[in-house]
Amino acid sequence: MIKIFDSSKNFPGNYIYLDHFPGQNRNIMLLLSHHSEDSFSSQILENLLSEIIELDLDNISEDKIISALQSFFVEINWRIYSLLGQRPDLERGVSLFLGVMENDRLYFVQFGRYFMGIFEKTEFKEIGRKWDNLAMTSRDDLMLLGSRDVDIAVKVEQIIIPESSYFLVIDNSAAMLLKNLGLNYLSINEHLNQLKAKDKFGFLLLKFWEQKASSNTPWRRRKRVNRTATILLILIILSAAYVYYGKNLIDDLFSRLKFTRNEFTRNDIKEQFFLLQEQAQDLLNQLANEDMNIAIFPQQKILMESDWEMNITRDFSSNTCFDYRGIYAASGRSMYQIDKRNAEIKWEKSFDSKIEVLRLVDANRILVSLADGKLICLNRDDGKQIWEAEYDIPDTYSLQQGLSVISLNQYRQLDDSVFLIFEGKKLTLSQVRSGEVISEFENDKKIDGISEYDVLDKCIYITAGNKLKKINIKVKT
């Protein structure tokens, strides 16, 4: 079984997106980076991440993965080239690693400053770029995505990760430092921790865990089997009923036939048998049309755990929204951008009227609707005002603050879609299909509002008075 052993976190200029869970046949891994931490390049990375998620690689058949990736990156190369042409002061091109894992087979595409290799117990094998080529600096040699105004040749490589081995994707500069520390199967984790303590860099480490001979196939499978399980269960019940009752009934009727031997009894048997068959079919049809909630497998366990919390001087008063690096919240006439990693306030801005609604929009901007009818557009990086207009936007905050839905597309490890709702201090996570409560979280203060689900960090954010708290959503396997 191949699992994620370690990976970097998201930080300015670098993204990592992992849709990788035990038991899935297909897993998606993505690393993105740009050489600068400029907001313009970060916006390009954010849009590229969204485009790849919308590509829906989960539902493409394996025989079409290569062609789908090739056509996608040919098109996206032109778009990134055009966008970066607006900023000649920035490096033209993006580094990318995209892996599609189908069981133990890995399909991947690589551009720019990433180095890959496999650590086996006895040796290290480079994949693609060699150590001697890591020092190259020209744009053509780096093969950055979006660096050339041509239809690029996209190479989709395939490898099989051997048992008891590590697969590493790492930033070039960190790879050179790792080489100096030593490339060894037993020390790879220790050396990566040494590098992480000194600086931030993008990396992904996979490990092929050996399957013990004595282990059995997992009895709990990730399948949505409610309806099928229900029909199978009813068929078993009907079969048992026939064995214990139907058979005795027919035997009794045949005994009557044996003694009377007349045509009336024979017809009576046929009529009762057809009636029983008709009633059983009606029952099955009725069950097939019902949305039953009987499940053979145990209910999935989902945990809600507090990660961090932060305070401001006054109570939060508007909806909370977020992007890949920050959370945006309002308190009265003040608005804040809060760092998702450490809960620090990055910038604060005050207005002449109370803030009613916040909305994230494209081009790295956020719209702020005020109670006096003004609509103001701000830059997300620093809170500077870009434009202002007069609009009368209704306050929909009260309709949106109390419910958050997590769909199967957002969190593929789920067995079914779930929703979160709060009452008083209690946050409840329930199954959409049945409404059954799966998990509860008790806050120390009355909850005022909850955010939408954060796909990248697998969490939600709650406000309670002057507190903002991050709540991680974890599926137990």
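The values are calculated or read from the model by the stated rules, or taken from the named source; none is laboratory data. Please read these numbers as outputs of a predicted model, since none were measured by experiment. Cβ sites come from the backbone with ideal geometry, for glycine too, and all protein chains shown count toward neighbours.
Number of residues in the range 6-56 that are under 24 Å from Met101 (Cα atoms) and touching a strand residue (DSSP E or B) at 6+ places or on another chain (Cβ under 9 Å) equals 30.
Quickly run through the range 18-33 and pick out the residues that are buried (at least 18 other Cβ atoms within 10 Å of the Cβ) and aromatic (Phe, Trp, Tyr). None - no residue of the range 18-33 is buried (at least 18 other Cβ atoms within 10 Å of the Cβ) and aromatic (Phe, Trp, Tyr), so the list stays empty. When Arg333, Arg359, Arg380 are screened for being at pLDDT 85 or above, within 25 Å of the chain's Cα centre (by Cα) and farther than 17 Å from Lys467 by Cβ, only Arg380 passes.
Looking only at the range 156-168, decide whether some residue is of a type in the set (D, E, K, R), under 28 Å from Glu102 (Cα atoms) and in the same structural domain as Arg129 (by TED's automatic domain parsing). Among the residues of the range 156-168, at least one is of a type in the set (D, E, K, R), under 28 Å from Glu102 (Cα atoms) and in the same structural domain as Arg129 (by TED's automatic domain parsing), which makes the answer yes.
Evaluate the range 93-111: report whether one residue or more is under 30 Å from Trp209 (Cα atoms), part of a loop (DSSP other than H, G, I, E, B) and in the same structural domain as Leu45 (by TED's automatic domain parsing).
Our first condition is that a residue be under 30 Å from Trp209 (Cα atoms); within the range 93-111, this holds for 95-111.
Those left that are additionally part of a loop (DSSP other than H, G, I, E, B): 103-104.
If we keep only those that are in the same structural domain as Leu45 (by TED's automatic domain parsing) too, we end up with 103-104.
Looking through the range 93-111, at least one residue is under 30 Å from Trp209 (Cα atoms), part of a loop (DSSP other than H, G, I, E, B) and in the same structural domain as Leu45 (by TED's automatic domain parsing).
Against the numbered list (1) at pLDDT 85 or above; (2) at positive phi; (3) hydrophobic (A, V, I, L, M, F, W, C), Ile127 comes up short only at (2). Considering Ser318, Ser306, the condition of being in a loop (DSSP other than H, G, I, E, B), out of contact with any Ser or Thr (no Cβ under 7 Å at 6 or more places or on another chain) and not aromatic (Phe, Trp, Tyr) is satisfied by Ser318 alone. Considering only residues in the range 417-444 that are outside any strand (DSSP E or B) and modelled with pLDDT of 90 or more, the one that is nearest to Tyr324 (Cα to Cα) turns out to be Asn443.
Number of residues in the range 9-34 that are within 15 Å of Leu408 (Cβ to Cβ) and not aliphatic (A, V, I, L, M) equals 5.
Within the range 37-79, the set of residues being assigned to a helix (DSSP H, G or I), in contact with a helix residue (DSSP H, G or I) (Cβ under 9 Å, 6 or more places away or on another chain) and over 14 Å from Tyr15 (Cα atoms) comprises Phe40, Leu57, Ile65, Ala68, Leu69, Phe72, Ile76, Arg79.
For the range 34-88, a residue qualifies if it is at pLDDT 85 or above, of a type in the set (Ser, Thr, Tyr) and surrounded by fewer than 17 Cβ atoms within 10 Å (Cβ to Cβ), and the qualifying residues are Ser61, Ser67, Ser71, Ser82. Among the residues of the range 171-193, just one is within 13 Å of Ser8 (Cβ to Cβ) and surrounded by fewer than 13 Cβ atoms within 10 Å (Cβ to Cβ), namely Asn193.
Does Gly99 meet the test of being of a type outside the set (Val, Ile, Thr), touching a residue at least 60 places away in the same chain (Cβ under 8 Å) and farther than 12 Å from Ile170 by Cα? Explain how you work it out, then say what you get.
Details: of a type outside the set (Val, Ile, Thr): yes; touching a residue at least 60 places away in the same chain (Cβ under 8 Å): yes; farther than 12 Å from Ile170 by Cα: yes.
When the stated conditions are applied, Gly99 passes them.
Criterion first (in the same structural domain as Ile44 (by TED's automatic domain parsing), touching a residue at least 40 places away in the same chain (Cβ under 8 Å) and within 20 Å of Ile28 (Cβ to Cβ)) does Lys121 satisfy it? Taking the combined requirement at face value, the residue does not satisfy it.
Each residue in the range 148-206 was checked for being farther than 21 Å from Glu91 by Cβ, among the polar types (S, T, N, Q) and not in a loop (DSSP other than H, G, I, E, B), and 5 pass.
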